[in-house]
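Scroll down for the structure; my scribbles are underneath it.
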Number of protein chains: 2
Amino acid sequence: MKILIVEDEQQLANSIQTYLTGNDFVCEWAANAKSAFDKITTYEYDCILLDLMLPDGNGFEILKELKRQNKTDGVIIISAKETLETRIEGFNLGADDYLTKPFHLSELLVRIQALIRRKNFKGSNIVSFNEIEINILSKTVGINNTPIDFTKKEIDLLLYLVGNKNKVLSKSAIAEHLSGDMADMLDNHDFVYAHIKNLKKKLNEAGSGDYIKTVYGLGYKWQHD
Amino acid sequence: MKILIVEDEQQLANSIQTYLTGNDFVCEWAANAKSAFDKITTYEYDCILLDLMLPDGNGFEILKELKRQNKTDGVIIISAKETLETRIEGFNLGADDYLTKPFHLSELLVRIQALIRRKNFKGSNIVSFNEIEINILSKTVGINNTPIDFTKKEIDLLLYLVGNKNKVLSKSAIAEHLSGDMADMLDNHDFVYAHIKNLKKKLNEAGSGDYIKTVYGLGYKWQHD
DNA sequence: CTTCTACAATTAGAATTTTCATCGTGCGAA
DNA sequence: TTCGCACGATGAAAATTCTAATTGTAGAAG
């Protein structure tokens, strides 16, 4: 895990570096905007800690450049400015997190770890489980190395169930999950029956039967070891 | 805006209260778990600041009670404990945010404001704009007081455009927004054309023409004052 | 001004998602 | 055990979303 620290105060940069190195990260340091520019265009980092106030330029310029290069994933802004505006501008430019100075190093560590977890999950397009292998991007599922086509909603449902294995998920929870953003509550959730049925059917045909259990009155669960 | 401060250190509670009152919030203070219990079952708060370590009980107990009462929306945990575990447990119990002591009061304010914005946006199902009024729940849109039916994706697109008025949104950004979770990048985004066309058509028929401008080579924008 | 190219609009149709009506089944009460 | 009822399953139709093929057009280049 490689981290770039863009920060002009040497004291702070040093203590961050020491702390992170002690937690198995590899750190590099850029003390000004120019140096930061050079590094981000040349190397790849898992995470960039970006101070907004630099001696030779504004951190937002760097953020814009990162956005142009499509590398905003993994940026944590570190700033003493704490107005809502700068915060919002940071997020709009694609930063992932925002930390106001002064902060605890442990707080920083937690956020870096959370960010890397998010990033990895987002980056990897394969989720596998027993004889089942799901490729989220291509919307295909392999069962015992035979490819099966599922629709987007079917994969979504499958992942939701698998991700909560041995836990009962209510019909309304599933409905909310599948329908994405818009909240429901008073809506019709019967389409869940249809998706459950289709998913069960396709799994059966592929030989992966009986993972999905109906729990009468409560919902469904993915049952397994 | 009413805020409950659950915190046993009087010094801290006082300074929070003073600061927030100065920023147009109404504050109440609970110095222990028992008092907090009484208040949350009796009154409604827009936001609850919850210290985890209290003289007569653990803050998690209060959080559980809030969950049981379905009032977890608006809880910010304030704690000196800063392990990943307590943090995760807090989020699992439905807390909205987590702040480690010591913190800046301005940081707290920003978070409260962000939280209340989220909460309001989530709670309200009506978004209105000029002669257009959108009810997210019923998936209906009124234009000049005439109801028009849009599909879910059409409303989604409409809201996305309106929410970014006068900003150009690229085709791929729109595609990503509409398709929900799954990341694309290398995928076909032509379905955006279809939705844009349908939306334009329905808006036109309702007499609200010409808000959506095509910006050649860049995307689309909702143009307005 | 004409041509060329890349992007956008349009249309029809395929695939998916959702709704609706009907039927089957588990579980509690008599 | 049998009945009744609420919940789940099913199949087919309706609605929506997405794809694919075609046509139209803005803007750059000659």
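Name the residues in segment B:134-153 that are farther than 17 Å from B:Gly207 by Cα, within 12 Å of DNA strand D (Cβ to nearest atom) and not in a loop (DSSP other than H, G, I, E, B), would you?
Scanning segment B:134-153 gives B:Lys152, B:Lys153.
Yes or no, residue by residue, for (1) touching a Cys at 6+ places or on another chain (Cβ under 6 Å); (2) within 11 Å of chain B (Cβ to nearest Cβ); (3) at pLDDT 80 or above:
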residue: A:Gly57; (1), (2), (3): no, no, no
residue: A:Ile62; (1), (2), (3): no, no, yes
residue: A:Ala80; (1), (2), (3): no, yes, no
residue: A:Glu85; (1), (2), (3): no, yes, no
residue: A:Gly90; (1), (2), (3): no, no, no
residue: A:Gly94; (1), (2), (3): no, no, no
residue: A:Leu99; (1), (2), (3): no, yes, no
residue: A:Gln113; (1), (2), (3): no, yes, no
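Could you count how many residues in segment B:176-215 are modelled with pLDDT under 80 and within 13 Å of DNA strand C (Cβ to nearest atom)?
So the answer is 4.
Hey, could you check segment A:165-175 for residues that are part of a loop (DSSP other than H, G, I, E, B) and within 16 Å of DNA strand D (Cβ to nearest atom) and say which is modelled with the lowest pLDDT? I'd like the intermediate steps shown before the answer.
Applying the first criterion (part of a loop (DSSP other than H, G, I, E, B)) to segment A:165-175 yields A:165-168, A:170.
After this cut, where a residue has to be within 16 Å of DNA strand D (Cβ to nearest atom) as well, the list is A:167-168, A:170.
Details: A:Lys167: 82, A:Val168: 87, A:Ser170: 86.
In this case the residue turns out to be A:Lys167.
Out of (1) outside any loop (DSSP other than H, G, I, E, B); (2) over 15 Å from B:Ile112 (Cβ atoms); (3) not aromatic (Phe, Trp, Tyr), what's the single condition that is false for B:Glu44?
(1) is the only condition that B:Glu44 fails.
Taking only segment A:142-156 into account, find how many residues are touching a Lys or Arg at 6+ places or on another chain (Cβ under 8 Å) and either without any contact (Cβ under 8 Å) to a residue 12 or more places away in the chain or loosely packed, with under 12 Cβ neighbours inside 10 Å (or both). Spell out the reasoning first.
Step one: list which residues in segment A:142-156 are touching a Lys or Arg at 6+ places or on another chain (Cβ under 8 Å), which gives A:148-152, A:154-155.
Applying the additional criterion that residues be either without any contact (Cβ under 8 Å) to a residue 12 or more places away in the chain or loosely packed, with under 12 Cβ neighbours inside 10 Å (or both) yields A:149.
So the count comes out to 1.
To keep it simple, each residue is scored yes or no on (1) among the small types (Gly, Ala, Ser); (2) out of contact with any helix residue (DSSP H, G or I) (no Cβ under 7 Å at 6 or more places or on another chain).
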residue	(1), (2)
A:Ala13	yes, yes
A:Glu28	no, no
A:Ala33	yes, no
A:Tyr45	no, yes
A:Asp56	no, no
A:Gly59	yes, yes
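Report yes if B:Gly22 is small (Gly, Ala, Ser) and over 19 Å from B:Pro102 (Cβ atoms), otherwise no. Explain how you work it out, then say what you get.
Values: small (Gly, Ala, Ser): yes; over 19 Å from B:Pro102 (Cβ atoms): yes.
Yes.
Would you mention how many residues in segment A:195-223 are touching a residue at least 12 places away in the same chain (Cβ under 8 Å) and either outside the structural domain of A:Lys153 (by TED's automatic domain parsing) or surrounded by 13 or more Cβ atoms within 10 Å (Cβ to Cβ) (or both)?
Of the residues in segment A:195-223, 16 are touching a residue at least 12 places away in the same chain (Cβ under 8 Å) and either outside the structural domain of A:Lys153 (by TED's automatic domain parsing) or surrounded by 13 or more Cβ atoms within 10 Å (Cβ to Cβ) (or both).
The values are calculated or read from the model by the stated rules, or taken from the named source; none is laboratory data. Just so it is clear, the structure is predicted and the values come from calculations on it, not from any experiment. All Cβ positions, even for glycine, are placed from backbone atoms using ideal geometry, and neighbour counts span all protein chains on display.
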